[in-house]
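Structure first, commentary second.
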Amino acid sequence: MSAADHEWPLWEIFIRGQHGLNHRHVGSLHAADAEAAIRNARDVYTRRNEGVSIWAVRADDIVASSPGKKGPLYEPANSKVYRHPTFFDIPDDVGAM
Amino acid sequence: MAADPLFELLLRMGDNTLILAQRLSQWCGHGPTLEEDIALANIALDLTGHTQLWLGLAGEVEGAGRDADGLAFHRDVWDFRNTLLVEQPNGDFGQTIMRQYLFDAWHVLQLEALRESSNPQVAEIAEKAIKEVSYHQERSSETVIGLGDGTEESHARMQAALDLLLPYVGEFFANDAVDEIMKEAGIAPLPDSLRSAFDEQITPVMQAATLTVPDTDFAHSGGKSGRQHSEHLGHILPQMQWLQRAYPDASW
């Protein structure tokens, strides 16, 4: 049995601070199962009244982009300012956006 | 009777939470994992918060000018009214969790009953505390199950913890003269009236944890009456009180 078999799996924790805001990644922790991950997240990440909702996701289940592909993935968007919706005149009637 | 029974009841509540909080805080920085370490510290802080309320009210009821700090830091062993269970040593992590679960299971029932107290201040404190204590019970019961129904070693440690600590449970449910007066006044439940609900709470948890509840009615006593604490309380108090005793009324 390898050392990793003795370790609790890693969970990524997402917390929603207030109603209406998105869940944000706050960090990770170890827990034996999903329910324990929620309890641990409650104790580790919401002890200063930070949250109204917790998501826990097994770190293994997150598919991440490869840092090595940064160039091909993101650089092409650098030179395309016209993709920002900043070239429109907004009518006064619209008010605050 | 020497003291006001309401004062005695409030000391029992506040001393239980105070001594258990002190015990749990001894884990701070020593927990088996970061997550368990911080969870135990959180529970200790919750219980310390309850202590301030219970002992604060006890001081008001006594009317002798002592506040929560005065009662916590300037009394000696024979004045404490906590049950023997909460002063028992932490042992291994399993023993700490078993002690916690047995306490939580009683604590939830006691606070549920105190929410209906005829004394509005008692009811208010119970109302505030029970949300935190319900979470304590959720956490400790699931951990008892996880460790009891875990590896051969964790199971053996949890069974040993249960065998060791169960004889300290009976004290929570033994009525005495203070309890009778509090029941009469509608302030607190009779301790033995909570016993069947307690058994209903722990039986399925122990089953899920594959643990065998020892078949014994033997119960240590002497803590809540102050008649005879275990030797352990005498070691807890100097550590907890030395600063206030060396520098009375020190604050920061």
Selection from region A:63-95 of residues that are closer than 28 Å to A:I15 by Cβ and surrounded by fewer than 10 Cβ atoms within 10 Å (Cβ to Cβ): A:V63, A:A64, A:S65, A:S66, A:P67
Residue tally, condition open to solvent by 30 Å² or more (accessible area, probe 1.4 Å) and within 13 Å of another protein chain (Cβ to nearest Cβ), over region B:29-45: 5
Answer from B:W106, B:W54 - the residue that is buried (at least 17 other Cβ atoms within 10 Å of the Cβ), at pLDDT 95 or above and farther than 26 Å from B:G148 by Cα: B:W54
Among residues of region B:117-156, those that are open to solvent by 20 Å² or more (accessible area, probe 1.4 Å), closer than 17 Å to B:I187 by Cα and touching a residue at least 24 places away in the same chain (Cβ under 8 Å), counted: 4
Every residue from region B:102-147 that is hydroxyl-bearing (S, T, Y) and either outside any helix (DSSP H, G or I) or more than 14 Å from chain A (Cβ to nearest Cβ) (or both): B:S117, B:S118
Residue in region A:85-97 that is in a helix (DSSP H, G or I) and either of a type in the set (D, E) or under 19 Å from the mean Cα position of the chain (by Cα) (or both) present: yes
Of the criteria (1) of a type in the set (D, E, K, R); (2) outside any helix (DSSP H, G or I); (3) in contact (Cβ under 8 Å) with a residue 60 or more places away in the chain, which one B:D15 fails: (2)
Residue check for B:N16: of a type outside the set (D, E, K, R), open to solvent by 10 Å² or more (accessible area, probe 1.4 Å) and touching a helix residue (DSSP H, G or I) at 6+ places or on another chain (Cβ under 8 Å): no
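The values are calculated or read from the model by the stated rules, or taken from the named source; none is laboratory data. This one's a predicted model, so the numbers in the text were calculated from it and none came from an experiment. Heads up, the Cβs are rebuilt from the backbone with ideal geometry, glycines too, and the neighbour counts pull from every protein chain shown. We work out accessible area using only protein heavy atoms, side chains counted, and drop any ligands, DNA or RNA first. Shrake-Rupley method; radii C 1.70, N 1.55, O 1.52, S 1.80 Å.
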